[in-house]
1. Which of the peptides A:190-203, A:385-398 is most tightly packed, and how do the rest follow, going by the mean number of other Cβ atoms within 10 Å of each residue?
2. Relative contact order for segment B:88-167: what is it in percent, counting Cα pairs under 8 Å that are at least 6 residues apart?
3. I need to check one value: relative contact order of chain A, counting alpha carbon pairs closer than 8 Å and at least 6 residues apart, in percent.
4. Using a 10 Å cut-off around each Cβ, can you sort A:23, B:72, B:120 from fewest to most neighbouring Cβ atoms?
5. Quick one: angle between helix A:144-156 and the longest Cα principal axis of chain A, in degrees between 0 and 90, rounded to 10, please.
6. Which value in deg cm²/dmol, rounded to the nearest 500, describes the helix-derived mean residue ellipticity at 222 nm for chain A, given -39,500 (n - 2.57) per DSSP H run of n ≥ 4 and division by the residue count?
7. Give me A:352, B:127, A:331, B:114 ranked fewest to most by other Cβ atoms within 10 Å of their Cβ, as a rough exposure proxy.
8. Provide the FRET efficiency to the nearest 0.05 for the residue A:84-residue A:378 pair, computing r from the beta carbons and using R0 = 22 Å.
């Protein structure tokens, strides 16, 4: 069992006092930003990217992964008590969870969410530890053409399939790809889209774009409709101890949620929304108490989706660590952290950076235990955080946004750019455009171009290379199906109806 | 290949969406124009620096066209989103905070610029007590500044306030 040995070695790394400290900081910070509306893991990790200049890679990734997992836990607290899902993956949790809270069962809802997250997070991390070496063996056979096709598939699924509209998702994606192209082309030394500005030669920093879209744009949007409705916090009632029946009703949904979340998260499509919805509808079908769904709140409707959500978070790390393929905004920003260390994520990562990868995976197990403690006995602390009034919260977010961007370069140009992208972010939010594809396009676009060129160089300029390699062709067919499938399906059903 | 359902009850031109689509079209045209401006050395004629930019600009053009078409046929927003008027005054307060921040962060330093930003944004979200917000902003900015400067050794923009504090409290450590 070579994998088992590597994992033990990983624990030796993760259990050093300094790495335990980073894990605790990450999980605590992650829970906090998960609880607070308006802050998400992608934004937080982007703001913390400058520490990659000061901290060694293993520690930085333990911190980032702690934030990533922690935000998943914290997000459920907000959606249960406030009925404002902090992120799209917890929309489903708020449907049943908030109803339970309103009927005096907030304690049980929070408990099943936290324990379910723990079960799914632990199983998902186990899945990651076992699956990663297998995917790597397979991925070593990939040529540039296959990689390019795989990236196309990821582009299609993150923008066209997961959102509400293929056109708006793809428009956001292409905008991101364009942002990623700005600067000097590394292969030819040719400046592109710099408009004669010296500052643009190095390209636009991903921090500026992520913070602009997620912090500045979001603040504009929330300010523009601050007076339209007030959220009220449902008081924390009911024991945090689940009854015997509640345990019985939760276990099945936890395990089924994990089975939905991990594989879907691990696919190059990624995304946490689909598994949470699948889990929700499955549990509603299977439940012995269907009358509780949508009325007083059914515990199955919290347990399943919360587990699915956390398991998919673990799943998303599989393509990220083995293929260098990010399928969410958060993992795209983690990928740019790898780049800032000069590390190339890909199939070689597991051997060339074994300590980093296995230390990271081990710390995810440890982080899950920490998060269970942080989110059950200490839940009162986070409920207090929900009471931070919106004016001071968003004012603080913007001050932090300034630190994150101006702090790195001290260049007012970066601030101007931050605010301009913030303006774009506002209009995208206002007109219902997804913002995650922008980040993914910006990070993955240049990598796709690089693989495209390599493939074309190997094939001596023959465009058919993408269709003659069986692997590449298969992936391209999948991408075409993902793009056209829903449309064809709706056409077919319309005819029969 | 629109995935919008045409049955939102709205059939006229949606103004907001039209402006958005036009903006996107303008961007697509700029991208296309800038792509044409990229000189191509014959050495790289195979997959030169313009191939992917060209694909990107054509993609943006097509998608802007689709958005424009959708906007002219009633737009894509749900009815309740369309009828909520954005709070223009609040948006102006945020904008004022950002502009003041850019103007002051160079000459006056991070703390003062942050106080101005904090107060304006809090005002945008309906806070009335500007003096209290300024005080919270000052504490917040100073803690953040010292945290970065002392713990991580990252200078995030010193100015009048920061230098005074440095010389009073951290005189031993030098500058």
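Rule-based calculations on the coordinates, nothing more; no lab input. These figures come from a predicted structure and were not determined experimentally. Counting neighbours? That spans all protein chains shown, and the Cβs are built from the backbone with ideal geometry, glycine included.
1. A:385-398, A:190-203
2. Values: 89 pairs, mean separation 27.4, N = 80.
Worked out over segment B:88-167, it gives 34 percent.
3. 29 percent
4. Ascending number of Cβ neighbours within 10 Å: B:72, B:120, A:23.
5. 40 degrees
6. -23500 deg cm²/dmol
7. Starting with the residue having the fewest Cβ neighbours, the order is A:352, B:127, A:331, B:114.
8. 0.55
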